[in-house]
Amino acid sequence: MGEALSVTQVNLDRQRAVVAVLREFLSEEEVLWREEETRPYECDGLTAYRHVPMVVALPSTEQQVQRILKTCHAMDVPVVPRGAGTGLSGGALPLGDGVLLSMAKFMRVVRIDPAARIAVVQPGVRNAAISDVVAPFGLYYAPDPSSQIACSIGGNVAENSGGVHCLKYGLTVHNVLRVRGYTIDGEPIEFGSEALDAPGYDLLALVIGSEGLLAVTTEITVKLLPRPQQAKVIMASFDDVERAGNAVAAIIAAGIVPAGLEMMDKPATRAVEEFVHAGYDLEAAAILLCESDGSPEEVEDEIARMTQVLEASGATRISVSRNETERLRFWSGRKAAFGAMGRISPDYYCMDGTIPRKRLGEVLNFIAQMESKYGLRCPNVFHAGDGNLHPLILFDANDPAQLARTEQFAAEVLGKCIEVGGTITGEHGVGVEKIDQMCVQFGSAELEVFRAVKRAFDPKGLLNPGKAVPTLSRCAEFGRMHVRAGKLPHPELPRF
Amino acid sequence: MAEAAEAIAARIRDAARDRRPLRLRGGGTKDFYGGAPSGEILDARAYSGIVAYEPSELVVTARCGTPLAELESALDASGQMLAFEPPHFGPAATLGGCIAAGLSGPRRASAGALRDFVLGVRVVDGRGQLLSFGGRVMKNVAGYDLSRLVAGSLGTLGMIVEASLKVLPKPVAECMLRLEMPEGRAIEAMNRWAGQPLPISATAWQGGVLAVRLSGAASALREAAARLGGERSEGPSMQALWQGIREQTDPFFAGADPLWRLSLPTASAPLGLPGAQLIEWNGGLRWLKTSSPAQAVRDAAHGVGGHATIFRGSDRSAGVFSPLSPALARLHRELKAVFDPAGILNPGRLDAKS
């Protein structure tokens, strides 16, 4: 985590000047600057970091977005784009000398083309709303982050969001055909197309997951899939976490790609069971949720094959959902996991590392050691199919010592993820939260290429600065404090 | 092997210093694709071999010079595949060339494109620096997604020396249906079926016949075949058809007429251009053999929101690829300069100015 961005006191003269220019084309309600109005925007889903923005702009047309960007570009004012504010890495943390550009008013579904299986939507449309609106055509939008009832598609594009079904159906980058928007200087730009590819470099893949650093999105064409006729989920109990991990590998090795493959450890199931009564086996060391979807015959086949593999892998109890209500109930605990942690602890801190699945046992043991080292509990929920871990450290933010211990705990776990050949973030993004760990995951040559890519889109560095890619000096400072195994990560940098 | 990688980096460093253009090349099977190659050949084949493959992780990592056929047979031995079915265009095709060309085969519309399966790359840029982007895990959003940017960049951003790809299990069963119908109805049918939960893994229409490949559980195939109708076949004759389309050895691709690759929104109505057509990807990919002027072909493709590439054929004066908007062209130049400031890597291969 590291410290939040340096606090900038709002410069009142500057604020007046920026508000005056924005008011030339935005109404009073569309430009917020009094603290009581801007305070609600001080953080996103990562509430440990807060910062009141200098100005909040709430445009409702693309022309207004373009003028806001041109204005800020001309006045050298940083711009932080924001969707629904559900992000978990502080990607929409405002700047005290910047404009927070809220895309919340861009809520229109522009066009649905059921024959071409696409929907054209504005960035403020909620993820789940897309599936709702295309449901009459038997279609849906596949990526389903846990926050899907609240998070917006614009934010999903910025973060390349995943969900519990992405092993089979992919991430945002696999389900978006076209993104239209503006670069920081107000130039209109379009990445991808409604065809399956576009000429030149794949800038669509580059801009998806760029955490709002390269362009502001104003319209998105998403790919829609036919809704499977049926889905069933198996809930399997294991008396050992590592055995559950091996069962996951065995399912994949058997040539099955389940629609969903999730794991929860005992502390996690106990926390959620009290909250949602999903019917989880509270004696199991870990439970697996394995979903199959397709035609009824296909689902029967796959459930039978998975059951066989799970039994051979030592499952102690297996239940298969008998109907849709039961299927949703089995999932309800997993989907409510984060919320449930909020009930058993004042605060929780969610990690997002991804590891090669075969290292799961080792990493979970490491997390258990960290629990005793830092004296903090850490239940685990895990997108087992694709190796994406969400350990949740429980702490009390009112105790500064606990917050500091949580940060160290998290940093050690992320370091472990890198060590076993994984990554610090699978789907939540780097934001401000993991910016120091970027210095560990990447060498200085790669980081310099990232900075150069940023300059190609935004030479002045005004769009969401301070997120996603650390500066050279930040890595030098971080390296000075965190010498790993006696080896400096960036020996070529001057130290101070 | 480390020496072979270092030799590649050293060659690029020297060439950058002297500003000598390099022509990055694997087996040379895709020399025909894109702008005409020029410069001294930098052969990728010395750096070869599978680095890591664990079927239960669904990931394979291999070096650029690895023959594509060798890689695919290693996957096949474990019941897995490259789901984007890349064309080889000859036995010499390498993994590096495959990723640099970025081409996908018949399964693309259902399984995804080559870039969708790229998890990470190691690449030597135009300064001769070895860079590593992405990784060997399924989900990774740390840093910009430069491994997907490099896929399909035709070697203009760097020499891809190693790549990690997501692999998938091969389908349990496959069969093919052939249905007679004219172009317009075939396009309509392919799109309608793609919106229904059917196990369709590839489609191809030519000469009034629509071929549909089904892949999945035997039960799902039976059910779908009964619903869609047509003449059912499986086994070698089915495999020969899809292999012929994937590798462009199908009789359609023979002859001297220029071959255009039209990439269009899948449901676009027939364009009505003169010449012969083979349509794949539910209508999203239309191969056109025509002697129509380039501008007429491009106008038709652009008119429906697609783009047109001269895939094979000699007259390339109109440019191989559809031109980019000025804003995108500027970003392309800037990104090229980030990776290859001396402009020595495959100059002119992606467009006349790169």
*Where does the charge balance sit around A:Met235 when Lys and Arg score +1, Asp and Glu -1, over other residues with C-beta under 11 Å from its C-beta?*
+1
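If neighbour count is taken as other Cβ atoms inside 10 Å, put B:Thr249, B:Thr266 in order from fewest to most.
Numbers: B:Thr249 13, B:Thr266 25.
With the sparsest Cβ surroundings first, the list reads B:Thr249, B:Thr266.
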_Approximate spin-label separation A:Thr47-A:Arg243, in nm, with each point projected 7 Å along Cα-to-Cβ_ = 3.9 nm
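Which number do you get for Rg(Cα) / (2.2 N^0.38 Å) in region A:388-469? The partial results should precede the final answer.
On the way: Rg = 14.9 Å, N = 82, 2.2 N^0.38 = 11.7 Å.
Normalised Cα radius of gyration, region A:388-469: 1.26.
Please give the FRET efficiency for A:Arg16 paired with A:Lys460, using the beta carbon to beta carbon distance and R0 = 22 Å, rounded to the nearest 0.05. Mind dumping the intermediate values first?
On the way: r = 22 Å, r/R0 = 1.01.
So the FRET efficiency works out to roughly 0.50.
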*Given a Förster distance of 45 angstrom, what is the FRET efficiency for A:Asn398 paired with A:Ala452, based on the Cβ-Cβ distance and rounded to 0.05?*
0.60
_Ranking of B:Tyr53, A:Tyr201 by count of other Cβ atoms within 10 Å, fewest first_ = B:Tyr53, A:Tyr201
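Need one number: % antiparallel among DSSP beta bridges in the protein assembly as shown, to the nearest 5. Display every interim value, and only then the final one.
Working: 113 of 126 bridges.
That works out to approximately 90 percent antiparallel.
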*Quantify how much of the Cα-Cα distance distribution of region B:125-233 extends past 16 Å, in percent.*
69 percent
_Rounded FRET efficiency, nearest 0.05, which uses the C-beta distance separating A:Ser319 from B:Ala342 and R0 of 51 Å_ = 0.20
*Where the only charges are on Cβ atoms (+1 Lys, Arg; -1 Asp, Glu), what is the dipole of region A:435-481 about its Cα centre, to the nearest 20 debye?*
160 debye
*Report, for chain B, the % of DSSP beta bridges that are antiparallel, rounded to 5.*
90 percent
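In terms of the Cα gyration tensor, with a ≥ b ≥ c the square roots of its eigenvalues, is region B:247-354 rounded because a/c is under 1.5, prolate because a/b exceeds b/c, or oblate? Intermediate results must be reported in sequence, preceding the final value.
Numbers: a/c = 2.19, a/b = 1.67, b/c = 1.31.
Taking the square roots of the gyration eigenvalues as a ≥ b ≥ c, region B:247-354 is prolate.
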*Taking the Cα centre of chain A as origin and charging only Cβ (+1 Lys, Arg; -1 Asp, Glu), how large is the dipole, in debye to the nearest 20?*
440 debye
*What residues of region B:92-136 lie in the reach of a label at B:Ser73, counting those whose backbone N is under 18 Å from a point 7 Å from the Cα along Cα→Cβ?*
B:92-96
*Tensor-based shape of the protein assembly as shown (alpha-carbon gyration tensor, a/c under 1.5 rounded, otherwise prolate or oblate)*: rounded
_Ranked list, fewest to most other Cβ atoms within 10 Å of each Cβ, for B:Lys170, A:Lys467, A:Lys416_ = B:Lys170, A:Lys416, A:Lys467
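Would region A:345-419 count as rounded, prolate or oblate if I go by the C-alpha gyration tensor, calling it rounded below 1.5 in a/c and otherwise prolate when a/b exceeds b/c, oblate otherwise?
Numbers: a/c = 2.25, a/b = 1.82, b/c = 1.23.
Prolate is the answer for region A:345-419, as a/c is 1.5 or above and a/b outweighs b/c.
Any read-out appearing in this document is the output of simple, stated calculations on the displayed coordinates, not a laboratory observation. Keep in mind the model is a prediction, meaning the values are calculated, not measured. Here the Cβ is made from the backbone with ideal geometry for all residues, glycine too, and neighbour counts use every protein chain on show.
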